[in-house]
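A quick write-up on the structure given underneath.
The values are calculated or read from the model by the stated rules, or taken from the named source; none is laboratory data. The structure presented is a predicted model; accordingly, all values stated were derived computationally and were not measured. Note that each Cβ is placed from the backbone with ideal geometry, even for glycine, and that neighbours are counted across all protein chains shown.
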Amino acid sequence: SSALDESSGNFQTTVPARKLVEITKAAPGGCVISFDVGTDKVKVKAGRAKFTLSSMDAEEYPIIDLGGEASAVVSTNIQLAELLNLTQFAMAQQDVRYYLNGLFFDLEGSSLTVVGTEGHRLAVAKLEVKNSGGGRQLIVPRKTVLEMLRLLDHSDDEITLSLGGDHFVFKSGSIIFKSKVIDGTYPDYRRVIPTAVNNRLVCNRVAMKEVLSRVAILANEKYRAVRFTLRQNSLSISSNNQQNEEAEEDLDVNYVGADLEIGFNASYFLDVLSALKTEDVEFNFGDSNSSCLILAPGSDNAQYVIMPMRL
């Protein structure tokens, strides 16, 4: 860590942010960093190293408008980080359906629900919050979500989210981060969550993750398809590829339901198993053409829906 030299009092200036960050990261540990502010240049000294950066008048820097009416939500750093980590992996990337390239925030009363989907899978997680306004729905861009995760320090410090009509503001300590939201209509995620699921499997989360990781080694590299063969208290996971290579492994499970064979993208399952931190995980199946509902046993705070694959 380094310290700033405050001997010359207060000043305002603007400098290239990325270059200044790289300078401070590369500075020797424990050294004092000093700034000599000129008209169009800023001299930075870090230990024996000297840098001259271009600058401009601080008065010309755009003022951040924090927006008008918004619903303010209060939570903690660690709670928001957990909420985002439970859902962010399901966001689309550069999808032509631009409204999927982010997370959907659905605020209703004291419940904040966050949703991510790219069309083949769905992640839904909810959190109880303090809400000083009314209900609000908006789509937060992918880049904003990832930046928030970088800023969150996983502490119990309070953070405030302001959900406006066309903006999103994140406040944590001395940090204020504002983003535009995506203008679009998000799919009705509630209709996607299966209700008629008669086949229930419960198993150890880590064991399932390890078996899937091994079997997926010989899955088709593009589609990552694996086959689930379900019998009473029995699960066999298998895969094959275009080189006629095969993998298969059995797993001890608690399964109650009909005999079933169904295919899924192994990567989608592994993402869910990595996001959840519970000891056990619950899988709910319909038939071989129905989506799978995944959750932690006895809780619906996080729900995942994965569409099947044709094998």
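From the residues in the range 94-104 that are under 24 Å from residue 223 (Cα atoms) and of a type outside the set (Ser, Thr, Tyr), which one is surrounded by the most Cβ atoms within 10 Å (Cβ to Cβ)?
102
Return the residues of the range 189-204 that are assigned to a helix (DSSP H, G or I) and without any contact (Cβ under 8 Å) to a residue 40 or more places away in the chain; say none if nothing qualifies.
190, 191
So which residues in the range 40-88 are within 30 Å of residue 138 (Cβ to Cβ) and part of a strand (DSSP E or B), if there are any at all?
Once the filter is applied, which keeps residues that are within 30 Å of residue 138 (Cβ to Cβ) and part of a strand (DSSP E or B), the range 40-88 yields 70, 71, 72, 73, 74, 75, 76.
Can you spot a residue in the range 234-252 that is touching a residue at least 40 places away in the same chain (Cβ under 8 Å) and either farther than 23 Å from residue 303 by Cβ or aliphatic (A, V, I, L, M) (or both)?
yes
Taking residue 186 and the conditions (1) under 30 Å from the mean Cα position of the chain (by Cα); (2) in a strand (DSSP E or B); (3) not acidic (Asp, Glu), which numbered condition does it fall short on, given that it satisfies the others?
Here residue 186 clears every test but (2).
Just to be sure I understand the filter: pairs with C-beta atoms under 7 Å, separated by 6 or more residues or on different chains, first member in the range 17-44 and touching a residue at least 24 places away in the same chain (Cβ under 8 Å), second member surrounded by fewer than 13 Cβ atoms within 10 Å (Cβ to Cβ) and in a helix (DSSP H, G or I). Which pairs pass?
Going by the 7 Å Cβ cut-off, there are no qualifying pairs.
Just to be sure I understand, how many residues within the range 296-311 are closer than 23 Å to residue 112 by Cα and either buried (at least 20 other Cβ atoms within 10 Å of the Cβ) or outside the structural domain of residue 209 (by TED's automatic domain parsing) (or both)?
Count: 5.
Does the range 105-116 include one or more residues that are farther than 30 Å from residue 283 by Cα and surrounded by fewer than 17 Cβ atoms within 10 Å (Cβ to Cβ)?
No.
Testing residue 146 on (1) farther than 20 Å from residue 300 by Cα; (2) touching an Asp or Glu at 6+ places or on another chain (Cβ under 9 Å); (3) of a type in the set (A, V, I, L, M), one condition comes back false. Which one is that?
Every condition holds for residue 146 apart from (2).
Would you mention how many residues in the range 207-222 are at pLDDT 95 or above and over 17 Å from residue 304 (Cβ atoms)?
Of the residues in the range 207-222, 10 are at pLDDT 95 or above and over 17 Å from residue 304 (Cβ atoms).
Going by what's in this entry, would residue 11 be described as surrounded by fewer than 14 Cβ atoms within 10 Å (Cβ to Cβ), over 34 Å from the mean Cα position of the chain (by Cα) and either modelled with pLDDT of 90 or more or closer than 23 Å to residue 59 by Cα (or both)?
yes
Kindly indicate whether any position in the range 198-216 is surrounded by 14 or more Cβ atoms within 10 Å (Cβ to Cβ), among the hydroxyl-bearing types (Ser, Thr, Tyr) and either within 22 Å of residue 147 (Cα to Cα) or out of contact with any His (no Cβ under 9 Å at 6 or more places or on another chain) (or both).
Checked against the condition, which is being surrounded by 14 or more Cβ atoms within 10 Å (Cβ to Cβ), among the hydroxyl-bearing types (Ser, Thr, Tyr) and either within 22 Å of residue 147 (Cα to Cα) or out of contact with any His (no Cβ under 9 Å at 6 or more places or on another chain) (or both), the range 198-216 yields no hits at all.
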